[in-house]
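Asker: Structure incoming, see below.
The values are calculated or read from the model by the stated rules, or taken from the named source; none is laboratory data. Note that the structure is predicted; figures quoted are calculated from it, not measured. Using ideal geometry, Cβ is built from the backbone for each residue, glycine included, and neighbour counts are taken over all protein chains shown.
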Amino acid sequence: MLLTMKPTILVLAIASKFLRLFFMTAFLICGGSALGAPGVYQKPSDFVKSSLGQIPATRAITLTGAQQTRVRAILGKNYKSKAIRYWSAGGKTAYILEEIGKTEYITTGIVVKGGKIDAVKVLIYRETHGGEVARDSFTRQLRGVSLKVDSQLSKIPKNIAGATLSVRALTKLARLALYLETLK
Amino acid sequence: MKAQPALLGALMALASAPAHGVTLEELAARLDQLEKKVSKYEAKYGPLENAVPAPAPSDTIAMPTPVSRPATGIATAADIDAAFMDEANSGGAGNWTENTTLGAYGELHLNQGDKEQIDFHRFVVFMNHRFSDRIKLFTEVELEHSLAGDGKPGEVELEQAYIEFALDQGWVVRAGQYLLPIGILNEVHEPDTFYGVERNGIESNIIPTTWWEGGAMVSRDFPNGFGFDFGVHSGLAVSTDLTSSDAFRVRSGRQKVAEASASDYAASLRARYNGVEGLSLTAFANYQNDIAPESPEDNSALLVGGSAVYQNGGFGLRALVANWNISGDSFEANDADNQWGYYLEPSYHWKFGEQKVGIFGRYGYYEYARGAGNTRGGEFDELTVGVNYWPVNNVVLKADYTQIESDDAPNNETYNLGLGYSF
């Protein structure tokens, strides 16, 4: 019975030319009048401040050739820059790292404490599909995770259907943050 | 920290000192003084190579920091945000090459058994362009079966071309030609993201994957894990010609937005839930005002279904059900008013560093329109078991055995090998 019930909204949406045009026009006007930045879950500066209680002086790790090789093994390519910023305070280090999911950079904040991930927060999500990686139910899986000898995570987060590429990107960034921690 | 400008000043003075009239002894004395200053500086502030620049005066304008050479030292919140949110950094400004991204996927299939064939089934290139940080273009062009043209087996298809407008709070609007939010594989079907060489029969014959239409769609995600997509778009045009083997077949009704009939429209709705770790649930519906516009009778149609995907460690489970109800005497008389199917697919994978091996089994049942002469459709039981091997995340080698049993058609057994990639 349930399978034969027509969802009223779908029937209404295309019931007449007028309604079809109304929906399409409404969608386009919504899109055209968009004012905000896409998928900004938290400003990078707010992430640093909320993670460390302050905005400490910016520091940077400049990767040597050998270190770039290790990074390539983690990411499958070089990181977008040789020098990577971080902020440290109270025994914690906050990294803001970026990796492409399918075609766009996912800007991610990662806090490391005592060689383990303390927190992961997706700050800016620019991809079309896979925004589920920004949810706490996914990122909290990475808490307490450390890096094994083979540069893999001690615990692999569960995949999300439809967000496989974004899950891979965040997993790589978690590994990268833990590796960078060993270089400080 | 404040000593650094003085130290740099001393260095510059030394470097710019005229060589004329300065004896070697005087130069040695100056170097000695400089060494003492450096020693004092390092004792107070640490090694010189770790030095950070002094903060900019408050009345100067903070410049965005280039990512390739990040500045260190005292940073304001605006500096940090500019470094990561600036459009130039994320590819949102500058020349078109910086704003344009390319990607691709492809899959080669080898079938042995009742079907013996080798086929580069799909070769896909996508190109996306960012007009601004919130307005983007997504396109995808596909060459199917390697060779297209008159009398050739393949097609060149524009699979997607839409503009996406990203709004605050997770609202997204897209307009153009887009993949419908129906089923598991329709939107995400890169070969390295699913098990099995060939796509399952339910998401070919019941949900006509890959299924795209022209129109507009709005999507929204909520922090509690719920989300939805709602679109109004062009519809299907299923044949009711009793002489055609495609008669009443939903898959053959795709117009592919190619000079497609726009006399009747359709709408899609999907609800999503991803609030539980490892679990993704969807419920979806598609309503066609008239699924057979060429037919004189009213043939409104409704597809409803749901999917579940669960992953816990190496264990994975996919399940999907989809059901069409199509009104009209012609569909009813040809046993095509109810076309439906489901499948269950448990799997398990092991990781070895970068490499991964997974095994799976899939059982599915589906029934769809037989068409004229009972040439295609019917009721089918489909069983597939196989293995995927990923040497790296984006490359997959596949092998499986598929058995399709039917009272309406000869049983079919194939051994399949596949090679797939995406980036």
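Asker: Based on this model, can you work out whether B:Phe352 counts as within 30 Å of A:Leu147 (Cα to Cα) and either crowded, with 17+ Cβ neighbours inside 10 Å or in contact (Cβ under 8 Å) with a residue 12 or more places away in the chain (or both)? Walk me through how you get there before you give the answer.
Answerer: Details: within 30 Å of A:Leu147 (Cα to Cα): yes; either crowded, with 17+ Cβ neighbours inside 10 Å or in contact (Cβ under 8 Å) with a residue 12 or more places away in the chain (or both): no.
In short, no.
Asker: Looking at A:Ile117, A:Ile74, A:Ile96 in this structure, which one is modelled with pLDDT of 90 or more, in contact with a helix residue (DSSP H, G or I) (Cβ under 6 Å, 6 or more places away or on another chain) and more than 13 Å from chain B (Cβ to nearest Cβ)? Full working, then the answer.
Answerer: Details: A:Ile74 fails: more than 13 Å from chain B (Cβ to nearest Cβ); A:Ile96 fails: more than 13 Å from chain B (Cβ to nearest Cβ).
On inspection, the qualifying residue turns out to be A:Ile117.
Asker: Another one. Contact list please: Cβ distance under 6 Å, first residue in the range B:231-253 and at positive phi, second residue of a type in the set (D, E, K, R) and in a loop (DSSP other than H, G, I, E, B), pairs at least six apart or on different chains.
Answerer: none
Asker: Sticking with this structure for a sec: Which of (1) surrounded by 15 or more Cβ atoms within 10 Å (Cβ to Cβ); (2) within 18 Å of the chain's Cα centre (by Cα) is the odd one out, the single condition B:Leu102 does not satisfy?
Answerer: The failed condition is (1).
Asker: Looking only at the range A:55-93, count every residue that is in contact (Cβ under 8 Å) with a residue 12 or more places away in the chain and within 18 Å of B:Ala83 (Cβ to Cβ) and tell me the total.
Answerer: Result for the range A:55-93: 19.
Asker: A further question follows. Residues A:Leu180, A:Leu173, A:Leu97: which one is in a helix (DSSP H, G or I) and buried (at least 24 other Cβ atoms within 10 Å of the Cβ)?
Answerer: None of the other options fit; the residue is A:Leu173.
Asker: From the list B:Gly231, B:Gly235, B:Gly215, exactly one residue is more than 18 Å from B:Val172 (Cα to Cα) and buried (at least 20 other Cβ atoms within 10 Å of the Cβ). Which is it?
Answerer: B:Gly235
Asker: Which residues, taken from the range B:385-406, are within 14 Å of another protein chain (Cβ to nearest Cβ), of a type in the set (S, T, N, Q) and part of a strand (DSSP E or B)?
Answerer: Of everything in the range B:385-406, just one residue is within 14 Å of another protein chain (Cβ to nearest Cβ), of a type in the set (S, T, N, Q) and part of a strand (DSSP E or B), namely B:Asn388.
Asker: Looking at B:Val197, B:Val188, B:Val173, B:Val218 in this structure, which one is in a loop (DSSP other than H, G, I, E, B) and within 11 Å of chain A (Cβ to nearest Cβ)?
Answerer: B:Val188
Asker: Now for a different question. Looking at the range B:375-421 only, could you name the residues that are among the charged types (D, E, K, R) and within 19 Å of B:Phe123 (Cα to Cα)?
Answerer: Correct list: B:Lys398 only.
Asker: While we're here: Taking the residues in the range B:83-99 that are at the interface with chain A (Cβ under 9 Å from one of its Cβ atoms) and either part of a helix (DSSP H, G or I) or surrounded by fewer than 14 Cβ atoms within 10 Å (Cβ to Cβ) (or both) as candidates, determine which candidate is modelled with the lowest pLDDT.
Answerer: B:Met85
Asker: Looking at the range B:251-267, which of the residues that are buried (at least 17 other Cβ atoms within 10 Å of the Cβ) and in contact with a strand residue (DSSP E or B) (Cβ under 6 Å, 6 or more places away or on another chain) is farthest from the other protein chains (Cβ to nearest Cβ)?
Answerer: B:Val257
Asker: Turning to a different aspect of this structure: What tally of residues in the range B:105-128 results from selecting those that are surrounded by fewer than 17 Cβ atoms within 10 Å (Cβ to Cβ), at pLDDT below 95 and under 14 Å from B:Ala161 (Cα atoms)?
Answerer: So the count comes out to 1.
Asker: Something else: Please work out if B:Glu164 is within 27 Å of B:Tyr287 (Cα to Cα), more than 14 Å from every other protein chain (Cβ to nearest Cβ) and either at pLDDT 95 or above or touching a strand residue (DSSP E or B) at 6+ places or on another chain (Cβ under 7 Å) (or both).
Answerer: In short, no.
Asker: Since B:Asn286 meets every condition but one in (1) in contact with an Asp or Glu (Cβ under 9 Å, 6 or more places away or on another chain); (2) polar (S, T, N, Q); (3) surrounded by 19 or more Cβ atoms within 10 Å (Cβ to Cβ); (4) farther than 30 Å from A:Arg140 by Cβ, which condition does it not meet?
Answerer: With (1) in contact with an Asp or Glu (Cβ under 9 Å, 6 or more places away or on another chain); (2) polar (S, T, N, Q); (3) surrounded by 19 or more Cβ atoms within 10 Å (Cβ to Cβ); (4) farther than 30 Å from A:Arg140 by Cβ applied to B:Asn286, the lone miss is (1).
Asker: Return the residues of the range A:131-184 that are polar (S, T, N, Q) and either out of contact with any strand residue (DSSP E or B) (no Cβ under 8 Å at 6 or more places or on another chain) or more than 8 Å from chain B (Cβ to nearest Cβ) (or both); say none if nothing qualifies. Working first, answer last.
Answerer: Taking the range A:131-184 as the starting set, the residues that turn out to be polar (S, T, N, Q) are A:137, A:139, A:141, A:146, A:151-152, A:154, A:159, A:164, A:166, A:171, A:182.
The answer is A:Ser137, A:Thr139, A:Gln141, A:Ser146, A:Ser151, A:Ser154, A:Thr164, A:Ser166, A:Thr171, A:Thr182.
Asker: Name the single residue that is surrounded by the most Cβ atoms within 10 Å (Cβ to Cβ) among those in the range B:176-187 being touching a residue at least 24 places away in the same chain (Cβ under 8 Å) and within 15 Å of B:Glu140 (Cα to Cα).
Answerer: B:Tyr178
Residues checked against (1) part of a strand (DSSP E or B); (2) farther than 26 Å from B:Leu281 by Cβ:
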| position | (1), (2) |
| --- | --- |
| B:Glu345 | yes, no |
| B:His349 | yes, no |
| B:Gly358 | yes, no |
| B:Gly364 | yes, no |
| B:Pro410 | no, yes |
| B:Asn416 | yes, yes |
